[in-house]
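Here is the structure we will look at.
The values are calculated or read from the model by the stated rules, or taken from the named source; none is laboratory data. Quantities reported herein were computed from a predicted structural model and do not represent experimental measurements. Reconstructed Cβ throughout: ideal geometry from the backbone, glycine too, with neighbour counts over all protein chains shown.
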Amino acid sequence: MIDIPNIRSEARYGMPVADQILFNRHYILGYSYYFRQAKWALEIVDQKTIDIQRTDNFRPDYRIPEIFRTDLVEYKNSGYDRGHLVASANQNDTVIQNSETFLLSNMTPQDPKFNRNIWKKLELAIRELDAQKDIYETYVISGPIFDFDTPVSRIGTNDSNGVTLPVPNAYFKSVLTEDKKGRLHMWSFIIPNKKATNPLESFQVPTTVVEKMAGIFLWNQLLGKKITLEKNKTRKIW
């Protein structure tokens with residue numbers, strides 16, 4: 001059996017399972033047929049200062065079977081943004097690298113007041129973290145969380161098959177950095193899919209909570225205790 005983490009650098013510290021694994025040029029995505037959207041997206045932040053414009057070429061991902069695939073019509077007049085899991089601004093080394101972040105497999109229905117504010121703020125904070133001189137690489141995994149104890153909204157065409165796109169109740173990000181001395185640090189967040197004005201640190205949670213809520217294992221190639229990587233007192237970034 002081929003060990004995928006030894007092939008793709010993004011999966012160096014682990015890769016969760018999913019119905020379909022999509023290997024893009026610069027990130028890996030695990031797709032859920034049941035939810036018709038990504039279960040998780042895994043990247044190494046690769047932000048550059050070069051002048052690459054957002055491609056904004058939102059399009060279906062035809063690698064996904066049609067009955068499970070999301071199309072642009074699902075989002076039309078829905079009131080929800082096509083929210084990135086792998087941020088466009090994280091992947092701007094080349095045009096094609098930026099373009100692949102606009103595949104709809106990387107999109108999920110996000111409240112505009114969430115997507116354009118607190119989620120954007122967290123994305124920026126991660127890029128600022130990655131830009132610190134002692135950080136060698138920054139790994140990020142993001143995904144939706146569905147809380148079935150509360151109502152789950154749906155968007156889409158509601159065609160003859162009654163197929164619509166469920167709206168996540170919240171989203172998670174787990175950030176793992178490796179510094180130039182080989183030390184690892186981890187921070188994980190869960191943020192409700194709605195307007196939020198609280199500081200980012202108020203949404204920080206143990207990684208085990210993300211795993212339970214999202215139903216996946218994170219960083220499973222790490223053999224030490226993950227909790228020891230959290231609550232880093234020497235680096236204030238949020």
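Is at least one residue of segment 38-55 under 16 Å from Ile155 (Cβ atoms), in contact with a helix residue (DSSP H, G or I) (Cβ under 9 Å, 6 or more places away or on another chain) and of a type in the set (Val, Ile, Thr)? The answer is no, given that none of the residues of segment 38-55 is under 16 Å from Ile155 (Cβ atoms), in contact with a helix residue (DSSP H, G or I) (Cβ under 9 Å, 6 or more places away or on another chain) and of a type in the set (Val, Ile, Thr). Whenever a residue of segment 53-74 is farther than 24 Å from Val95 by Cα, its partners that are in a loop (DSSP other than H, G, I, E, B) and hydroxyl-bearing (Ser, Thr, Tyr), lying with C-beta atoms within less than 9 angstrom and at least six residues away or across chains, give the pairs Pro65/Tyr33; Ile67/Tyr33; Phe68/Tyr33; Phe68/Tyr34; Arg69/Tyr62; Val73/Thr157; Glu74/Thr157; Glu74/Thr164. Considering only residues that are among the hydrophobic types (A, V, I, L, M, F, W, C) and part of a strand (DSSP E or B), look in segment 90-124 and name the one that is nearest to the chain's Cα centre (by Cα). The qualifying residue nearest to the chain's Cα centre (by Cα) is Met107.
For segment 136-154, a residue qualifies if it is modelled with pLDDT of 95 or more and of a type in the set (A, V, I, L, M), and the qualifying residues are Val140, Ile141, Ile145. Of all residue pairs spaced 6 or more apart or on separate chains, none has beta-carbon atoms under 8 Å together with a first member in segment 140-155 that is free of Cβ contacts under 8 Å to residues at least 24 places away in the same chain and a second member that is charged (D, E, K, R).
Residues that are loosely packed, with under 14 Cβ neighbours inside 10 Å and either in a helix (DSSP H, G or I) or of a type in the set (Ser, Thr, Tyr) (or both) were ranked within segment 125-151; the one that is nearest to the chain's Cα centre (by Cα) is Glu128. Filtered by the rule that a residue be charged (D, E, K, R), farther than 18 Å from Met15 by Cα and modelled with pLDDT of 95 or more, segment 155-200 gives Lys194, Lys195. Scanning segment 17-47 for residues that are among the β-branched types (Val, Ile, Thr), touching a residue at least 24 places away in the same chain (Cβ under 8 Å) and over 30 Å from Lys133 (Cβ atoms) yields a single hit, Val17.
Across segment 199-214, the number of residues qualifying as in contact (Cβ under 8 Å) with a residue 12 or more places away in the chain and either part of a loop (DSSP other than H, G, I, E, B) or acidic (Asp, Glu) (or both) comes to 3.
The condition of being under 29 Å from Ser202 (Cα atoms), exposed (fewer than 14 other Cβ atoms within 10 Å of the Cβ) and modelled with pLDDT of 95 or more holds for only one of Pro16, Pro65, Pro112, that being Pro112.
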